[in-house]
Structure formats: structure tokens, C-alpha cells
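First up is the structure itself, then whatever we jot down about it.
The values are calculated or read from the model by the stated rules, or taken from the named source; none is laboratory data. All values reported here derive from a predicted model rather than from experimental measurement. Cβ: placed from backbone, ideal geometry, glycine included. Neighbour counts: every protein chain shown. Each accessible area value is taken on the protein alone, full model and side chains, heavy atoms only, with ligands, DNA and RNA left out. Shrake-Rupley method; radii C 1.70, N 1.55, O 1.52, S 1.80 Å.
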Amino acid sequence: MTARTQRKGRDFIARHGETVFNAARRMQGDHVHTPLTRAGFAQADAMGAALREILGAKPRLTLWSSSAGRALQTLAVIAEHLELDWHDARHDDRLVEIGLGDWSGRYYADLAREQPAFLDAEQRLYRTRPPGGEWYDGIAARVSRWLDDTDADPGDRLVLMHGMSSRVLRGVMTGIDILPQFDAPIAPDLPQGSLVMIERGIETLVHRAGASAAAPA
């Protein structure tokens, strides 16, 4: 797959902080709002501090976020560090997490008892499409449309997303190989509260949060 190199600015792609669903090991997927825990706010603080070190105060930065509440909460903390107005952020449903259909809201442990092989624990990816839900090629299609529509954004931007959807976006932008079992390019997993920079198709880790036991989505 070919990397996306047409953007002149840098893209800082952040995974939101831990939520109450993550802490309880429930499947949240495209739930509109699952609030951050104290650990989640601390992760957002750490990402904000890391970006402040790189960009300074009031940088020229376009703010983008998934429309999910947990992404917007995380962005609010980061924006405060950067002295930027959270209300200027643009929201887009194409940046939301994988749709989990009938699995949405369930506990991972309950589903694992019914379907022991539903999750690839090593890659932290689902092995089968959630009933009534979304597959990785669907995520790749929607984030690719978002990229097509926003390539003209000036300069740098910050994009607040989720575990699965950000991995697919990073895969599309860096041009990694499509995984045939998932029908999409999927970048390596990063813990919640982690932040990367992609410039001309090259990804650099900016901040890696401490590993947690949180499930992938």
C-alpha cells in the first residue's frame, strides 16, 4: 500500500485516555460517551505536556476529534496545555471507533466464555466481525474518505481518536501492507494515552503511555 505523502504539515494522532468502560473491561466501540477515569485524565495531561514541549503555547494547529465524548474530553485537557480553544475543534463521525454491533457494551470476559477465539490477544484485534458491527475494511474506507476531504488542511493538526480506528488511520497514512485476514492496513497497537506524529508518511512515536490491561476498543 502507498503511504499518504501529500500533506505538507505534521499529523499528531492521539488515542484517548482510559474510560470507565476500559477500566471495567467492557466493549465500548462506537458508544457516543463513556467518560474518562482519573487515570484517563492523567494520560491526557501527559500527552498535553508532551505536545507543549514540542509545539509551545498557542501553536498553529488544526484540532480534529472523533465525535465520541471520551475523545472530546481528552482533547479538552490537551488543548488547555497548548492554550488553544477547545471550541475551535472540528468533529467527524468518520474518526469514531469500530462499530461493535451486538457486542457493544458487553463484558469481554462474558463474550470470551461464549466465543473463546473471538479476540487475537497478541495483535489485540478481533478475529471475526461483530454481529451487526463493522470490519476493518469499513474503517479503512471511512478514514480514507476523511483524509481525502481534509488533505488541504493548513499546517499541523492534532487528531483525537480511538484504539482500533487510529491503528487503521495510521496504517493508511504510512502505507503499511494490508493484512489479508483483516482486509485493511493496521498499525501496531499503542496503549491508551499514546501519541504519534506522522509526517510525509513516516510515523514517529511522540509519547507512549504506560501499558494497561485495557481491552483493544
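The conditions of being of a type in the set (V, I, T), in a loop (DSSP other than H, G, I, E, B) and under 24 Å from W64 (Cβ atoms) are met by I98.
Scanning region 156-190 for residues that are of a type in the set (A, V, I, L, M, F, W, C), open to solvent by less than 10 Å² (accessible area, probe 1.4 Å), at pLDDT 95 or above and in a loop (DSSP other than H, G, I, E, B) yields one hit, A187.
Set side by side, the residues R145, R208, R170, R127 differ, and just one is charged (D, E, K, R) and in contact with a helix residue (DSSP H, G or I) (Cβ under 8 Å, 6 or more places away or on another chain), which is R145.
Check region 147-155 and report whether any residue there is aliphatic (A, V, I, L, M), crowded, with 17+ Cβ neighbours inside 10 Å and not in a helix (DSSP H, G or I). Looking for residues that are aliphatic (A, V, I, L, M), crowded, with 17+ Cβ neighbours inside 10 Å and not in a helix (DSSP H, G or I), one finds none in region 147-155, hence no.
Residues considered: L111, L63, L84. Of these, the only one that is of a type in the set (A, V, I, L, M), assigned to a helix (DSSP H, G or I) and at pLDDT 95 or above is L111. Right, F12: modelled with pLDDT of 95 or more, in contact with a Gly (Cβ under 8 Å, 6 or more places away or on another chain) and among the aromatic types (F, W, Y) or not? The answer is no for F12.
Look at D137 and say whether it is open to solvent by 40 Å² or more (accessible area, probe 1.4 Å), in contact with a strand residue (DSSP E or B) (Cβ under 9 Å, 6 or more places away or on another chain) and assigned to a helix (DSSP H, G or I).
Values: open to solvent by 40 Å² or more (accessible area, probe 1.4 Å): yes; in contact with a strand residue (DSSP E or B) (Cβ under 9 Å, 6 or more places away or on another chain): yes; assigned to a helix (DSSP H, G or I): yes.
Yes: the conditions hold for D137.
Filtering region 114-134 to residues that are surrounded by 12 or more Cβ atoms within 10 Å (Cβ to Cβ), of a type in the set (D, E) and in a loop (DSSP other than H, G, I, E, B) leaves only E134. Might you let me know whether region 193-205 holds any residue that is assigned to a loop (DSSP other than H, G, I, E, B), open to solvent by less than 10 Å² (accessible area, probe 1.4 Å) and either polar (S, T, N, Q) or touching a Pro at 6+ places or on another chain (Cβ under 9 Å) (or both)? Looking through region 193-205, at least one residue is assigned to a loop (DSSP other than H, G, I, E, B), open to solvent by less than 10 Å² (accessible area, probe 1.4 Å) and either polar (S, T, N, Q) or touching a Pro at 6+ places or on another chain (Cβ under 9 Å) (or both). Residue count for region 10-53 under the criterion of being open to solvent by 30 Å² or more (accessible area, probe 1.4 Å) and either within 27 Å of D149 (Cα to Cα) or part of a strand (DSSP E or B) (or both): the result is 6. Evaluating A112 against the criteria (1) in contact with a Phe, Trp or Tyr (Cβ under 8 Å, 6 or more places away or on another chain); (2) of a type in the set (G, A, S); (3) within 25 Å of R94 (Cα to Cα) leaves one unmet condition, (3). Among the residues of region 73-97, which ones are in contact with a Ser or Thr (Cβ under 6 Å, 6 or more places away or on another chain) and surrounded by 18 or more Cβ atoms within 10 Å (Cβ to Cβ)? Hits for region 73-97 are L75, A89, L95, V96, E97.
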